[in-house]
Amino acid sequence: MLNFDYSIPTQIFFGKDQIQKLPEQISLYGSRVLLVYGGGSIKKIGLYDKAIALLNEKQLSFWELSGVDPNPRIENVRSGIDLCRNHQIDIILAIGGGSTIDCAKLIAAGFFYKGDPWDLMIGKAQIEKALPLCTILTLAATGSEMDPIAVISNLKTNQKIGMGHPAMVPKFSILDPTYTYSVPRNQTAAGTADIMSHAFEAYFSGIRGAYLQSRLAEAILKTCIQYGPIALEEPENYEARANLMWASSLAINGLLSYGKQRKWSCHPIEHELSAYYDITHGVGLAIITPHWMEYILEDSTVDVFKDYGINVWGLDPMQDAYTIARTAISKTKAFFSSLDLPSTLCSVNIDEEKLELMANAATKHGPLGEFRPINAEDVLQILKSAL
Ligand code: NZQ
Ligand code: ZN
C-alpha cells in the first residue's frame, strides 16, 4: 500500500427531507447565493420550489444560472462567473447531477481568476482559491457531490477535460434519494455504469497490497449489480435509490484509491468519445469497459480478474484463473446489456472515422493506467474492437 494523506472534507446530509438543513448550513458560508441548475428537471420534481422557499425563509438573496448542459460547456461556466461578479455572490448552490455540479465548481474557481476559465482546465493557469460550493444531488453517478473534480467540455476545440483541485470540493452535499426517483431509465443505467467504472479504475491496479481498498471496491460493485436493475424496474424503490446514491459518492471520493496510484484508463478514452460525439458518459464507459478488460487480460493482470470473478460474481474459485477472468468479463458485458445500455460504438453512431484521432488525443499526456499501461495503438485496438 502506498502512503496517502486522507482528507474527505465534504459534509453529507443523507436521507429523506435533509433539505431542511439547507438554510442553516448555507448561512455558515454566505448570504448571496448563485443557484446553478440544468434543463429543468428540478422544477418538474418540485425541488426548485422547495429550495427557493427555504432560501427565502432565511432571507437569503439569490440569482440563477439555469440551462447547464449535460457534458457542461465552458460557455455555461463563463455565464456563471459573470453572474457571480455582477451580484457579489459569496456561495454557490448547485442542484442537479454531475454536469451541474461540475459547472458550479469551475465557476467557483474561475471567479478568482482574471483570465478565461478554460485556462484553468488546460493548465495554462492554476487555481488559487474558490468560492464555497454546496450541492443538492439529483442523479447517482459521478460522485461530483463529494470530490474535487470538474469535467468541462469545449466543443470548439473538441476537448473534454477533467481537472481536480481541493478548493473545489463541496462544503456540504444534501443526498436525498427520493430526488432520484424521476431519473429516467437510461440515465439510471448510465449512472450505475459510471459508479462501477469508478470502482474498476481503482480496483484494477498494479498496487496489490491495498487489500482493504480492493474489498471496498468489490462492495461498491456488488451494490450496483444488486440495485441497478431494481432501480430500473421500480424507480421509486427507496432502498435501491439510496444504495446507488451512497455508492456514487463513495466510489470516487478517494476511499477506494488511497494507497494506490490514481491513473485511470477507461475514463480518458470515454472523455474523447464525449468530446467528439457528445455521448452520455456512462454509456461510453459501458461500451468501452468490457473491451478494455479483454484487451488487458494477460499473465500480469489475471490475478486481479480472478479476485473480481470470485468476489463480485461468485464464480467457483477452483476453476482455472483465465476461465474465471473471462467469465467475469462476459458477465460484466451481459450486466450492462441487461440495463439496456448500448454495447457497441456503432449503436451510438460512432464509426471508424475518428478512432485514431481519439486514441491519440486520449494518450497525448502519455500511456493510460498503471495496471497494464496502454498507448495510442492499444487504445485504437480497444476502440476498433468496440465498433
Ligand atoms: O439538466 P436536467 O434537466 O437536470 O436533466 C438532467 C440531464 O438531462 C437529467 N437529470 C438529472 N437529475 C434528474 C434528471 N432527470 C430527471 N430527474 C432527475 N432527478 O439527467 C441528465 C444527465 O444529467 P448529468 O448531470 O449530465 O448526468 P451525470 O450526473 O451523469 O453527469 C455527467 C457529467 O459528469 C462528468 C461526466 O463526464 C459528464 O460530463 N463526470 C464528472 C466526474 C466528477 N466530477 O468527479 C467524474 C465522472 O467520471 C464524470 O466524468
Ligand atoms: Zn465517470
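Coordinate-derived values only; no laboratory data. Model, not experiment: these values are computed from the prediction. Cβ: placed from backbone, ideal geometry, glycine included. Neighbour counts: every protein chain shown.
Modelled label positions at MET1 and ARG78, each set 7 Å beyond Cα in the direction of Cβ, lie 4.7 nm from each other.
Put a dot 7 Å past the Cα of ASP320, heading toward its Cβ, do the same for CYS346, and the two dots end up 3.2 nm apart.
Net length available on complete extension from LYS44 to ASN154 is 36.7 nm, with 0.36 nm assigned per residue and the Cα-Cα distance removed. Find out how many positive minus negative residues lie around LEU355, taking Lys and Arg as positive, Asp and Glu as negative, among other residues whose Cβ is under 11 Å from that of LEU355. Net charge around LEU355: -3.
Using θ = phi - 60° in the Karplus curve 6.51 cos²θ - 1.76 cosθ + 1.60, the 3J(HN,Hα) couplings for the range 337-345 round to 5, 5, 8, 6, 7, x, 10, 9, 5 Hz; x is entered for Gly and Pro. Cross-link partners of LYS222 among aspartates and glutamates, defined as those whose alpha carbon lies under 20 angstrom from its own and excluding same-chain residues fewer than eight positions apart: ASP194, GLU201, GLU233, GLU234, GLU239, ASP303, ASP307, ASP316, ASP340. For the chain, the antiparallel share of DSSP beta bridges with both residues in that region comes to about 25%.
Here the Karplus curve 6.51 cos²θ - 1.76 cosθ + 1.60, taken at θ = phi - 60°, turns the phi angles of the range 209-216 into couplings of x, 8, 4, 4, 4, 5, 5, 5 Hz, with x standing for Gly and Pro.
Rounded, prolate or oblate: which fits the chain when a ≥ b ≥ c are the square roots of the eigenvalues of the alpha-carbon gyration tensor, with rounded for a/c under 1.5 and prolate only if a/b beats b/c?
Details: a/c = 1.78, a/b = 1.48, b/c = 1.21.
The shape class here is prolate.
Backbone amide hydrogens, once placed in the peptide plane, bring LEU387 within less than 5 Å of LEU345, excluding anything fewer than 5 places away on its chain. Counting charges near GLY98 (Lys, Arg +1; Asp, Glu -1) among other residues having Cβ under 11 Å from its Cβ returns a value of -3.
One chain, two ends: ARG32 and ARG215. Fully extended at 0.36 nm per residue, the span grows by 61.6 nm beyond their Cα-Cα distance.
May I ask for the net charge around ILE195, where only other residues with Cβ less than 15 Å from the Cβ of ILE195 are counted and Lys, Arg are +1 while Asp, Glu are -1? Don't skip to the answer; put the middle values down first.
On the way: positive: LYS222, ARG241; negative: GLU145, ASP147, ASP194, GLU201, GLU218, GLU270.
Net local charge, ILE195 excluded: -4.
Treat the count of other C-beta atoms within 10 Å as a stand-in for reagent exposure and order ASP194, ASP116 from fewest to most.
Fewest to most other Cβ atoms nearby, the residues stand as ASP116, ASP194.
The calculated 222 nm mean residue ellipticity attributable to helices in the chain amounts to -14500 deg cm²/dmol, summing -39500 (n - 2.57) over DSSP H runs of n ≥ 4 and dividing by all residues.
Report the calculated FRET efficiency for GLN381 and THR178 (r = Cβ-Cβ distance, R0 = 41 Å), to the nearest 0.05. All intermediate terms of the calculation are to be shown ahead of the outcome.
On the way: r = 44 Å, r/R0 = 1.07.
After rounding, the FRET efficiency stands at 0.40.
For the chain, modelled as a GNM whose springs connect Cα atoms under 10 angstrom apart, the maximal fluctuation among LEU255, LEU357, LEU35 occurs at LEU357. Please give the FRET efficiency for ASN360 paired with ASP119, using the beta carbon to beta carbon distance and R0 = 30 Å, rounded to the nearest 0.05. Efficiency, rounded to the nearest 0.05: 0.80. Residue-wise HN-Hα couplings along the range 369-380, as the Karplus relation 6.51 cos²θ - 1.76 cosθ + 1.60 with θ = phi - 60° gives them from phi, are x, 10, 5, 9, x, 10, 9, 4, 5, 4, 4, 4 Hz; Gly and Pro carry x. Backbone amide hydrogens, once placed in the peptide plane, bring PHE172 within less than 5 Å of GLN11, THR135, excluding anything fewer than 5 places away on its chain.
For ASP69, project a label point 7 Å along Cα to C-beta. Then give me every residue of the range 270-309 with its amide nitrogen under 17 Å of that point. Counting backbone N atoms under 17 Å from the label point, the list is 271-282. Result for the chain in a Gaussian network model with C-alpha springs under 10 Å: among ALA167, ALA251, ALA53, the largest mean-square fluctuation is at ALA53. Between ASP299 and ASN86, the modelled label-to-label distance comes to 6.5 nm, taking each label 7 Å out from Cα in the direction of the beta carbon.
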